[in-house]
Amino acid sequence: MNFEGIIVGLATFLIIGLFHPIVIKAEYHFGKECWWVFLLAGLGFAALSLFIDSIVWSTITGVTAFSCFWSIKELIDQEKRVSKGWFPANPKRKKS
């Protein structure tokens, strides 16, 4: 039996699930101005995935890279959700 597909699928599911609260917390504490952190992390994971010999780990690292890239869009969307009142705004953070 070949378990690599199940492993990659499970890892993808967990990575995407992990990024949802990370984006929410990042927007709450730093606003969408922290998008560049996700860009740098994504570029780092993408580069790393090119040098990993294991197809499973290379794929998981690539999925993490593109989850970071997608999080940039989600930061912008999260700011809109906060402005609509769907999520709480951070009262300690200055409005930009």
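Taken as Cα centroids, region 63-88 and region 1-19 sit 22 Å apart, rounded to the nearest whole angstrom. Computed on protein heavy atoms with a 1.4 Å probe, the accessible areas place D53, D77 in the order D53, D77, largest first.
Take the Cα of L10, step 7 Å toward its Cβ, do the same at W36, and the gap between the two points is 3.9 nm.
Please go through region 13-96 and write out the chymotrypsin sites (Phe, Trp or Tyr not before Pro) that DSSP classes as loop and that have at most 13 other C-beta atoms within 10 Å. Sparse-neighbourhood loop chymotrypsin sites (Phe, Trp or Tyr not before Pro): W86. Could you give the longest part of the chain that holds none of the trypsin sites (Lys or Arg not before Pro) found in DSSP loops with at most 10 neighbouring Cβ atoms within 10 Å? Value returned for the longest uninterrupted segment is 1-83.
If I compute solvent accessible area with a 1.4 Å probe over the protein chains, what percent of it on region 40-96 is carbon and sulfur? Solvent-exposed carbon and sulfur of region 40-96 make up 69 percent of the total. I'd like the FRET efficiency for R93 and A47, computed as 1/(1 + (r/R0)^6) with the beta carbon distance as r and R0 of 30 Å, rounded to 0.05. So the FRET efficiency works out to roughly 0.40.
Solvent-accessible area per residue in the chain equals 71 Å², computed with a 1.4 angstrom probe and all protein chains kept. Considering the values [x] 13, 27, 22, 17, 13, 7, 0; [y] 16, 40, 26, 13, 4, 0; [z] 16, 47, 29, 7, 1, which represents P(r) over Cα pairs in 10 Å bins from 0, in percent as calculated for the structure under consideration? Only one option fits the structure, namely [y]. Taken along the Cα-to-beta-carbon direction at a fixed 7 Å, the label points for F66 and R81 span 2.1 nm.
Helical content of the chain, expressed as a calculated mean residue ellipticity at 222 nm, amounts to -27000 deg cm²/dmol (DSSP H runs of 4 or more residues, -39,500 (n - 2.57) each, divided by residue number, nearest 500).
The values are calculated or read from the model by the stated rules, or taken from the named source; none is laboratory data. Bear in mind the structure is a predicted one, so any value in this text is a computation, not a measurement. When we count neighbours, we look across all protein chains shown, and the Cβ atoms used for this are built from the backbone with ideal geometry, even at glycine. Please note that ligands, DNA and RNA were not included when accessible areas were found on the heavy atoms of the full protein model with its side chains. Shrake-Rupley method; radii C 1.70, N 1.55, O 1.52, S 1.80 Å.
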